[in-house]
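Input: a single structure, listed below in structure tokens.
Throughout, read-outs are computed from the coordinates displayed, never taken from laboratory work. Bear in mind that the values here come from a model prediction, so they are computed numbers and not experimental data. Neighbour counts are summed over all protein chains in view; Cβ atoms, including those assigned to glycine, are modelled from backbone coordinates with ideal geometry.
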Amino acid sequence: MAKRGGFPGGAMPGNMANLMKQAQRMQRQMEEGQKELEIKEFTAAAGGGAVEATVSGKKEILKLTLSEEVVDPEDIEMLQDLIVAAVNEALRKADEASTALMGKMTGGLGGMPF
């Protein structure tokens, strides 16, 4: 008689072993994909290119470029709005890449609950 809650003979059925191997392979692929994503850069502009922001896949601002004509001491609010818009757009691009990576990695799982 098998142990309660175990498998007869103590071995996993073939399908379960294959599922575990697939899960481990997917985890490695996700880790590799995440590392690749973290070193990517995402750039976005606002104000017709007057403000440009570059962020990493880790969502850190790497670079912020301002054209001279956008730096108006009389209109600091506009500059602030353009910076926020450019940074938010660059972060959105990084999020899209992350979502695409996760979709690619988990696309074959169907309705499996995790």
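The rows are residues; the columns are (1) in a helix (DSSP H, G or I); (2) among the aromatic types (Phe, Trp, Tyr); (3) out of contact with any helix residue (DSSP H, G or I) (no Cβ under 7 Å at 6 or more places or on another chain).
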position: 38; (1), (2), (3): yes, no, yes
position: 49; (1), (2), (3): no, no, yes
position: 58; (1), (2), (3): no, no, no
position: 65; (1), (2), (3): no, no, yes
position: 84; (1), (2), (3): yes, no, yes
Do we find that residue 44 is more than 30 Å from residue 23 (Cα to Cα) and touching a Lys or Arg at 6+ places or on another chain (Cβ under 7 Å) in this structure? yes
On the basis of being without any contact (Cβ under 8 Å) to a residue 40 or more places away in the chain, of a type in the set (Asp, Glu) and closer than 30 Å to residue 25 by Cα, does residue 95 make the cut? yes
Would it be correct to say that residue 61 is touching a residue at least 12 places away in the same chain (Cβ under 8 Å), under 30 Å from residue 22 (Cα atoms) and hydrophobic (A, V, I, L, M, F, W, C)? no
